[in-house]
Amino acid sequence: MTSCVTPLLIFVLLLVPLRAQQLDLPAPRTVAPGVLLYHLEAQTEVEPRGPLSIWMLRLDPAKVGLEAVLANDEIMGVETVGDIAARHKPLAAINAGFFLPNGDPAGVMTIDRRLVSDTRRPRGAVGISSDRAGVKLVFARLRATAALTVEKSGQKTSIPIDGIDTTRLRGQLMLFTPSYHGDTDTAKGGLEWVIDEKRGRVVTGPHREGKTPIPRQGYVLSYGGETAPATLQQLTRGARVRLDVSYAPVEGEPKSWQLAQDIVGGAGLLIRDGRDLEDWGIEQFNQGFAENRHPRTMIGTTAEGTIWLVTIDGRQPELSVGMSLVELRTLAHRLGLVNALNLDGGGSTTMWVQGTVLNKPSDATGPRKVSDALLVYGRSR
């Protein structure tokens, strides 16, 4: 048969960018209705080439549930993704947000509509909502802060919260939610007030001994100092208070974030509403983080709303070299994603499906303990 491909057509095909070419996926394994698992081994997805091991979950948003959960079900401490999943019994799980060694999330995090980690530095984040139609995700670079409004003698005073569910610092006002721990885990040398959230009242305080128990239906305010500034002297027993949480996305409107059930922070928003984000300067991470190849974890959606959870192994030259953020974005385009976010990676990158860790985490000791995970459930749950 004579070829009908002309030199002009060949030239046009060569002009088509790699990102526009659909990824040639192997046959999937059906994990459950609406949950397909793919494993791709390739050497052509990066340049210069190197071996890659990529695990991918394709989720039908109408047939699954997706939740963010904390290790140990509280801020303090870390667990492997497998241990988190063993307690919650999902179909599948991946690691999620960045964190400090003690388990404190390093960026924004909201669990069950309660902000448990704030951030004044806008970084890529994904918000998760669910209704009768299914799971919906929203993406943006996001700031999240909180303030306390105190009402006394008809006067209202707004007091910024300096940190949520994190280490108390001298001269700063922290807020501890029930997601933190059973108590504030603080030492003497500070002042703490217990708030009944439903009543919107100060219940007791100031306490000076530290380790104040955190009520399940409230929170504790903790000031790093033995003498309260004038604004905090209004926090007498029975004083009326209100906690105001503010979500400030760089892209889009705040409303969808206010409605999100869970929010997880990443670092490196790759694509939003079909538009590449070329400059990550606003997210303030170092150049090597973006340009060097590392193990990566990614979440994204197609134009139809299909959700993809992706892990790329790395730092193992015989198995998988990992990806830079630009290479990860190219992979996202080849999967047809119009939104894509880089989550925590490196030794944290883990994909767990039905009792088994499928990828090969890069730490010599095996799967790393992390602060939180994204869990996939069947829709009937």
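The values are calculated or read from the model by the stated rules, or taken from the named source; none is laboratory data. Computed from a predicted structure; not experimentally measured. Cβ sites come from the backbone with ideal geometry, for glycine too, and all protein chains shown count toward neighbours.
Listed here are the residues, each with its yes/no results for (1) more than 16 Å from ILE94 (Cα to Cα); (2) in contact (Cβ under 8 Å) with a residue 24 or more places away in the chain; (3) among the β-branched types (Val, Ile, Thr).
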| site | (1), (2), (3) |
| --- | --- |
| ILE307 | no, yes, yes |
| VAL310 | no, yes, yes |
| GLU327 | yes, yes, no |
| ALA340 | no, yes, no |
| SER348 | no, yes, no |
| LYS369 | no, yes, no |
| GLY378 | no, yes, no |
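Does the range 167-186 contain at least one residue that is in contact with a Pro (Cβ under 9 Å, 6 or more places away or on another chain), farther than 23 Å from SER371 by Cβ and either not in a loop (DSSP other than H, G, I, E, B) or not hydrophobic (A, V, I, L, M, F, W, C) (or both)? Looking through the range 167-186, at least one residue is in contact with a Pro (Cβ under 9 Å, 6 or more places away or on another chain), farther than 23 Å from SER371 by Cβ and either not in a loop (DSSP other than H, G, I, E, B) or not hydrophobic (A, V, I, L, M, F, W, C) (or both). State whether one or more residues within the range 367-378 are assigned by TED's automatic domain parsing to the domain that holds ARG58 and either buried (at least 24 other Cβ atoms within 10 Å of the Cβ) or assigned to a strand (DSSP E or B) (or both). Looking through the range 367-378, none of the residues is assigned by TED's automatic domain parsing to the domain that holds ARG58 and either buried (at least 24 other Cβ atoms within 10 Å of the Cβ) or assigned to a strand (DSSP E or B) (or both).
Within the span defined as the range 155-174, every residue fails to be of a type in the set (Lys, Arg) and in contact with a Lys or Arg (Cβ under 7 Å, 6 or more places away or on another chain). Residues of the range 158-167 include at least one that is assigned by TED's automatic domain parsing to the domain that holds ARG199 and small (Gly, Ala, Ser).
Here is a yes/no grid of residues against (1) under 19 Å from LEU325 (Cα atoms); (2) acidic (Asp, Glu); (3) buried (at least 16 other Cβ atoms within 10 Å of the Cβ):
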{"residue": "GLY50", "(1), (2), (3)": "yes, no, yes"}
{"residue": "MET56", "(1), (2), (3)": "yes, no, yes"}
{"residue": "ALA68", "(1), (2), (3)": "no, no, yes"}
{"residue": "ASP73", "(1), (2), (3)": "no, yes, no"}
{"residue": "VAL78", "(1), (2), (3)": "no, no, yes"}
{"residue": "ALA85", "(1), (2), (3)": "no, no, yes"}
{"residue": "ALA92", "(1), (2), (3)": "no, no, yes"}
{"residue": "ASN95", "(1), (2), (3)": "yes, no, yes"}
{"residue": "PRO105", "(1), (2), (3)": "no, no, yes"}
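Screening SER320 on (1) in contact with a helix residue (DSSP H, G or I) (Cβ under 8 Å, 6 or more places away or on another chain); (2) under 29 Å from TRP352 (Cα atoms) shows it passes everything except condition (1). Restricting attention to the range 113-126, the residues that are among the charged types (D, E, K, R) and within 19 Å of GLY77 (Cβ to Cβ) total 1.
Consider ALA68 carefully, then state whether it is assigned by TED's automatic domain parsing to the domain that holds ARG272 and aliphatic (A, V, I, L, M).
Yes: the conditions hold for ALA68.
Scanning the range 325-349 for residues that are hydroxyl-bearing (Ser, Thr, Tyr) and either under 14 Å from the mean Cα position of the chain (by Cα) or over 26 Å from GLY107 (Cα atoms) (or both) turns up SER348, THR349.
Beta carbons closer than 6 Å, at least 6 apart along the sequence or on distinct chains, pair a first residue in the range 256-282 that is farther than 19 Å from PRO105 by Cβ with a second that is charged (D, E, K, R) for LEU270/ARG329; ARG272/GLU251. Looking only at the range 187-204, residues that are buried (at least 21 other Cβ atoms within 10 Å of the Cβ) and either in a loop (DSSP other than H, G, I, E, B) or on the phi > 0 side of the Ramachandran plot (or both) come to 1 in all. Remark: pairs (first residue in the range 161-183, over 18 Å from ASP244 (Cα atoms); second residue not in a loop (DSSP other than H, G, I, E, B); Cβ separation under 6 Å; 6+ apart in sequence or on different chains) = ARG168/MET174; ARG168/SER222; ARG168/GLY224; LEU169/GLY224; ARG170/GLY224; GLY171/GLY224; ASP183/PRO213.
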